[in-house]
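We did not get these values from a lab; they are worked out from the coordinates using the rules stated. Predicted, not measured: the structure shown is a model, and the values here were computed from it. Cβ coordinates were reconstructed from backbone atoms using ideal geometry, including for glycine residues, and neighbour counts include every protein chain displayed.
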Amino acid sequence: MNHIITLLTDFGTRDSYVAQMKGVILRGLAGCHIVDASHEIPPQDILAGALTLRDYAMGFPANTVHVAVVDPGVGTQRRIIAAEVGDQKFVLPDNGLLTPIIDDFGLNRAVELTHSQYWRSEVSSTFHGRDIMAPVAVQIALGVDLELLGPSVSDLQRLNLRPPEMAPRSARVEILAVDRFGNIILNLPGSWLDALKEGQTTVKPLRLAIQAGESYWRALVVETYAQVIAGELVALVGSQRRVELAVVNGNAASMLHLTVGSLLTLELE
Amino acid sequence: MNHIITLLTDFGTRDSYVAQMKGVILRGLAGCHIVDASHEIPPQDILAGALTLRDYAMGFPANTVHVAVVDPGVGTQRRIIAAEVGDQKFVLPDNGLLTPIIDDFGLNRAVELTHSQYWRSEVSSTFHGRDIMAPVAVQIALGVDLELLGPSVSDLQRLNLRPPEMAPRSARVEILAVDRFGNIILNLPGSWLDALKEGQTTVKPLRLAIQAGESYWRALVVETYAQVIAGELVALVGSQRRVELAVVNGNAASMLHLTVGSLLTLELE
Amino acid sequence: MNHIITLLTDFGTRDSYVAQMKGVILRGLAGCHIVDASHEIPPQDILAGALTLRDYAMGFPANTVHVAVVDPGVGTQRRIIAAEVGDQKFVLPDNGLLTPIIDDFGLNRAVELTHSQYWRSEVSSTFHGRDIMAPVAVQIALGVDLELLGPSVSDLQRLNLRPPEMAPRSARVEILAVDRFGNIILNLPGSWLDALKEGQTTVKPLRLAIQAGESYWRALVVETYAQVIAGELVALVGSQRRVELAVVNGNAASMLHLTVGSLLTLELE
């Protein structure tokens, strides 16, 4: 049996926090395969953590336990939960980290972690990732049923994501994320762009007019980077099936001076 | 049998150094579980490496081998040692990296690595982490007794840590570390703050006056972040049982313009 | 049987890309040992990726599969290949990433990945690391012969590395890399410096005159850092048997204002 626990945190790897969690996990389950998903979530950035988690978690083998510690509320009354979505398990603070996954894949069940016999014997007031979440993740990996960990909860905290306003030829959407390459990832499903392409009646390439505040750009709609020359702004369906803006061999976010949360209007020319 | 080797370095992960060490370890012990503890120790910062190592190493399963390579003296006559503390094993340069662990947990025994039959056949003059420490860590994980690796040593190099000056209602201490969240970690045991709280005779919250050079602040003594509002400076016992200064949902070190090594005076108001 | 797959990317670890690849690998081969070699290759820097890969890959156990994703051409017609060098396997875009390894260790064989039955069922146009390279790496780790993956290729893309111009007492060479410590790594084999030392007829220490554009320095030829005081510029044979310039306990690249690609002339004084 291969036990897998993934770790997503905003701890960075300069301090000892991640290593402390790994020690707790391996003490509980010495043969466990610990996967470093990311420790570079910006400090206390729940949205970034939630989107990152959403993009990898469901691709793991069944019964993988995903621990996510972006936890600005540690020490407050915020709940810690264990949840099951599809064939994956999650242990994380109840602060919206799971919202995108629940929206896209549904929620089987969730419990609040209250039964302290599954925790570290001494629980600090500032490091529940080590003292509660890591030990509970070990128990779940070992097969303990979620129901044993605490009472069911259904009123989970939700992230406030602005839903996309979509019309057939236009959309008003928020920038969800900017990745390391400067690609701008929009809160807009790829199906919107696919529909535009299917409705296309000429052989002329599609172009989108893009507006953010007082700034305007034009982006060519493409399938892959191969269709345009370096430096050109393009719109395409990204690897997570969201619409992205990119500059081939360049950094779209720097070029357009845009960041997470900016509102864009897209319109077919 | 699960063999675990942890790696702490100042190599970063941009270069190939860490991966070269992993190759050597897996060539020696293909099923070994290699744990990346940290590779982001600031270059040649023995103090940061020593404190990080201290905070995670003792929490691993028995017989874990911890390799720590923060080694500004590579190529000089500095010794390389293997050591046993509690049920944990260590391989590292003899430059003070082990001082906080020895101070807190004692030293069972240490040997100088001199028996080159346990090393890589070709030893470079600049990368002993790969050529000496990694191969020896494999041997220790496989069960080779420390005594076979070289002669016992007892005069280990020590880090010069300024001991805290503690009175019942005041203390003069050094900043040991600043973590990624800007929390200021003091060379002051949590028991000092606990004693203050136990001696409390009113229901008024405790406050500390804090002085660094010509700067003064007040910090509220709390158990957890939940007790104050965002932006307030607090003093609390951290997850490693040291006194910390923190700003809830903020960065204390930036706000107070303080860094590692600064001297602080704390006094009960 | 221990299956090992190493990952080298320019993805960073802030986004979900690395974790997505790990999910695909573990879905295909749950007990696989995934080694993070580096995810901090500068975005789209094929040279940096190629040199890093060269410096660690051949040190792994036989049949390790090395996946390298520095892939500015994703979505273009650039090929993806699987290759065998010595007892190691590689999966990577055909863009020069393998040039230094082939130059130093030869190429047994290479195939273009064309047989899509070994790929993810849905292949995006922008993330072939996840959709093609990771699944193929799993197949190779499981023992699938390279020939089954696609047709043989022999005309691989090559990196344009300026070959060193070497005379017995002088050399004109390029800076290949600058590591985290600021050490300047030259495209000059250590044997050149060794020959200088063997030809030495006096007991005086050797010195090199170094010129870059209009700037001049002198570097002492040493075996190890132990021979000089902190702050002095030295030339030595590095741990990968290339000539390096270093400043003991300092940062040579910052001090000399030099970067990758700069041309240097070295001459024995």
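Tabulated results
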| quantity | calculated |
| --- | --- |
| Per-residue [θ]222 nm for chain C (sum of -39500 (n - 2.57) over DSSP H runs n ≥ 4, rounded to 500) | -5500 deg cm²/dmol |
| Mean Cα-pair separation over length for chain B, i.e. relative contact order, pairs under 8 Å, 6 or more apart, % | 15 percent |
| Cα gyration tensor of region A:154-195 - equivalent ellipsoid semi-axes, whole Å, descending | 21, 17, 9 |
| Semi-axis lengths (Å, descending) of the ellipsoid that matches the C-alpha gyration tensor of region B:173-269 | 19, 15, 13 |
| Theoretical FRET efficiency, 1/(1+(r/R0)^6), r = Cβ-Cβ of C:Gln117 and C:Ala226, R0 56 Å, to 0.05 | 0.45 |
| Within region B:103-169: Cβ-based charge dipole about Cα centre, in debye rounded to nearest 20 (Lys, Arg +1; Asp, Glu -1) | 220 debye |
| Neighbouring partner chain Cβ atoms per residue of C:47-59, average, 10 Å criterion | 4 |
| Of all chain C residues, the one whose C-beta is nearest the axis that brings C onto A, in angstrom | C:Asp36, 4 |
| Most to least packed among B:171-179, C:225-233 [average Cβ atoms within 10 Å] | B:171-179, C:225-233 |
| Under 21 Å from A:Lys22, Cα to Cα: lysines that are on another chain or at least 8 residues apart | A:Lys89, B:Lys22, B:Lys89, C:Lys22 |
| For C:33-43, mean number of other protein chain Cβ atoms within 10 Å | 6 |
| Cβ neighbours within 10 Å from other chains - mean over B:174-180 | 3 |
| Relative contact order [Cα under 8 Å, 6+ residues apart], region C:14-100, whole percent | 28 percent |
| Across the identical copies, how the B:Asn2 labels are spaced - nm, sorted shortest first, 7 Å along Cα→Cβ | 1.6, 1.6 |
| Average Cα contact separation per residue, region B:219-264, under 8 Å, 6 or more apart, as relative contact order % | 29 percent |
| Cβ-vector label at 7 Å, A:Lys204, separations to other copies in nm | 7.7, 7.7 |
| Kirkwood-Stokes translational diffusion coefficient of the protein assembly as shown, alpha-carbon pairs, 37 °C, 0.692 mPa s, µm²/s | 115 µm²/s |
| Ascending list, in nanometres, of distances separating the C:Asn108 label from those of the other copies (7 Å, Cα toward Cβ) | 4.2, 4.2 |
| About the Cα centre, charge dipole magnitude for region B:13-74 (Lys/Arg +1, Asp/Glu -1 at Cβ), debye | 220 debye |
| Taking the convex hull of Cα positions in chain B, its mean projected area over all directions (nm²) | 15.9 nm² |
